[in-house]
Amino acid sequence: MCWCHILDGTMWGMRVLVVTTWFPSRKAPSSGAFVVKDVQAIRAEGVDVRLIHLVNPKFDDGDRQFVYEGIPVIRIPYSPLNPLHAMKAADIIRQYSAGADLVHSMAISSLPATMRVKKPWVHTEHWSGLTNPDTRSSTLNAVMPIVRSVLKKPDFVTAVCEYLAQPIREIRGERAVGIVPCIVPAADEIVEPVSVEEAGELRMVTVGGLIKRKNPMMALDVTEELLRRGVNARMIFVGEGPLREEIEKRASQGTLRGHVTLTGNLNRAGVVESLNDSHVFLGPTNGDNFFVSCAESIAQGRPVVVSDKGGQGEYVRPVAGRVLSDATAQEYADAVQEVVGSASAQQIADSIGDAFHPHSVGRGYREVYESLVGGLV
């Protein structure tokens, strides 16, 4: 099927076929929100984007050809560890890429299906397993030789931060690696927090999955430490995950009782409201790369106290918070008390600038495309 048959719109500018295993479906509406934002930013730079969604069968809603927020999409059931799935997806990708100037795969699980493309090939990687091997499962450890092999194949690989780019460069040697960061929307309004005294408590918030890698139990340890110091602290978890029951059980006991809130998953408006109602973002993660929720907190004008297991050290300025290495609960608590009220919300938000604005990210990808198609890579 030729390019113009995917959607009956006119062709304009550079034509890019995006291939990704992460994208929303009716069974997983929040999946791949970052891919949607990246694609919209790329389209805003005058690039004609069509997308193939290699959907995990458990998230497949049966839709096969549709338009999502203006993006023409083809959806294919796919498991990256199933050779038959990879072969079938590769045939379809090759067919749809016939009219494209280049192919842009996103997420490491999309690589096996994209390896047979005959077009210039850009790949974008986010996987924290490359930077934090302790967070990988035994299955993922077993397939790392394959991962290393397929990461060498694309003509150009982009990472979301230097922290992630380093291990990718080690794998790819002299082959091109660049950095295009995640999109962090600017705040619609910078809201100064009420004082801890006026609120009657020091409110800490974290945003993300309730999973081991995010280290939510350390956040509870920090809350207990602050309570021991006589600080009326509250820990607010925004997100869902398999550790929710364990967190709820611990939060119902001892000094933590009445000092922990779990909101579940929230839409963007709910996340912004939670950040605005807080005094500090606490992120003792065991493994992230860009750490989007940390950057979003800064953009909203809230200081952050985070671990150094990720690329956040590349953009957290002293005015915006602290980045700690292998910290104890006591050290996290010290940092929380140090940053709360130390700068205005506007000063904190200003520290992040516009480097992560959609226009900056879209332009970054367009420059990669132009260098590749123009033979500069």
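Okay, here's what the table says:
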quantity: For Met106: the one exception among (1) surrounded by 21 or more Cβ atoms within 10 Å (Cβ to Cβ); (2) over 16 Å from Thr21 (Cβ atoms); calculated: (2)
quantity: Residue in the range 213-225 that is within 20 Å of Asn289 (Cβ to Cβ), touching a Lys or Arg at 6+ places or on another chain (Cβ under 6 Å) and at pLDDT below 95 present; calculated: no
quantity: Condition check for Ile190: hydrophobic (A, V, I, L, M, F, W, C), in contact with a helix residue (DSSP H, G or I) (Cβ under 9 Å, 6 or more places away or on another chain), more than 24 Å from Ala86 (Cβ to Cβ) and not in a strand (DSSP E or B); calculated: yes
quantity: Filter result (over 16 Å from Met217 (Cβ atoms), out of contact with any strand residue (DSSP E or B) (no Cβ under 8 Å at 6 or more places or on another chain) and either assigned to a helix (DSSP H, G or I) or in contact (Cβ under 8 Å) with a residue 24 or more places away in the chain (or both)) within the range 228-258; calculated: Arg228, Arg229
quantity: Criterion (modelled with pLDDT of 95 or more and within 22 Å of Glu125 (Cα to Cα)) met by exactly one of Asp334, Asp308, Asp277, Asp288; calculated: Asp308
quantity: In the range 128-149, the residues that are closer than 30 Å to Pro358 by Cβ and surrounded by fewer than 21 Cβ atoms within 10 Å (Cβ to Cβ); calculated: Gly129, Asn132, Thr135, Val147
quantity: Within the range 285-323, tally of residues that are among the hydrophobic types (A, V, I, L, M, F, W, C) and in contact with a Ser or Thr (Cβ under 6 Å, 6 or more places away or on another chain); calculated: 3
quantity: Residue check, Gly353 more than 22 Å from Val160 (Cβ to Cβ), at pLDDT below 95 and surrounded by fewer than 19 Cβ atoms within 10 Å (Cβ to Cβ); calculated: no
quantity: Within the range 300-314, tally of residues that are surrounded by 22 or more Cβ atoms within 10 Å (Cβ to Cβ) and more than 15 Å from the chain's Cα centre (by Cα); calculated: 8
quantity: Members of the range 343-377 that are within 23 Å of Lys119 (Cα to Cα), in contact with a Pro (Cβ under 9 Å, 6 or more places away or on another chain) and aromatic (Phe, Trp, Tyr); calculated: Tyr369
quantity: Val194, sole failed condition from (1) of a type in the set (A, V, I, L, M, F, W, C); (2) without any contact (Cβ under 8 Å) to a residue 40 or more places away in the chain; (3) within 20 Å of Gly283 (Cβ to Cβ); calculated: (3)
quantity: Every pair of residues 6+ apart whose Cβ atoms lie under 8 Å, when the first sits in the range 96-118 and is more than 16 Å from Ile76 (Cβ to Cβ) while the second is basic (Lys, Arg) and part of a helix (DSSP H, G or I); calculated: Lys118/Arg94
quantity: Condition met for Phe237 (surrounded by 15 or more Cβ atoms within 10 Å (Cβ to Cβ), closer than 28 Å to Ala165 by Cβ and of a type outside the set (Lys, Arg)); calculated: no
quantity: Residue identified as within 22 Å of the chain's Cα centre (by Cα) and within 18 Å of Leu51 (Cα to Cα) among Leu111, Leu140; calculated: Leu111
quantity: Yes/no for Gly341 being surrounded by fewer than 14 Cβ atoms within 10 Å (Cβ to Cβ) and not in a helix (DSSP H, G or I); calculated: no
quantity: Tally of residues being modelled with pLDDT of 95 or more and among the aromatic types (Phe, Trp, Tyr) across the range 23-40; calculated: 1
quantity: Counted residues, the range 267-291 - those being touching a helix residue (DSSP H, G or I) at 6+ places or on another chain (Cβ under 7 Å), of a type in the set (A, V, I, L, M, F, W, C) and either touching a residue at least 60 places away in the same chain (Cβ under 8 Å) or surrounded by fewer than 24 Cβ atoms within 10 Å (Cβ to Cβ) (or both); calculated: 5
quantity: Conditions (1) in contact with an Asp or Glu (Cβ under 8 Å, 6 or more places away or on another chain); (2) in contact (Cβ under 8 Å) with a residue 24 or more places away in the chain; (3) not hydroxyl-bearing (Ser, Thr, Tyr): number failed by Val323; calculated: (2)
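Residue-by-condition table, conditions (1) within 24 Å of Lys152 (Cβ to Cβ); (2) crowded, with 19+ Cβ neighbours inside 10 Å:
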position	(1), (2)
Val19	yes, yes
Phe23	no, yes
Gln40	no, no
Val47	no, yes
Ile74	no, yes
Pro80	yes, yes
Ile93	yes, yes
Ser110	yes, yes
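The values are calculated or read from the model by the stated rules, or taken from the named source; none is laboratory data. Note that the structure is a prediction, hence the values are computed from the model and not measured. Here the Cβ is made from the backbone with ideal geometry for all residues, glycine too, and neighbour counts use every protein chain on show.
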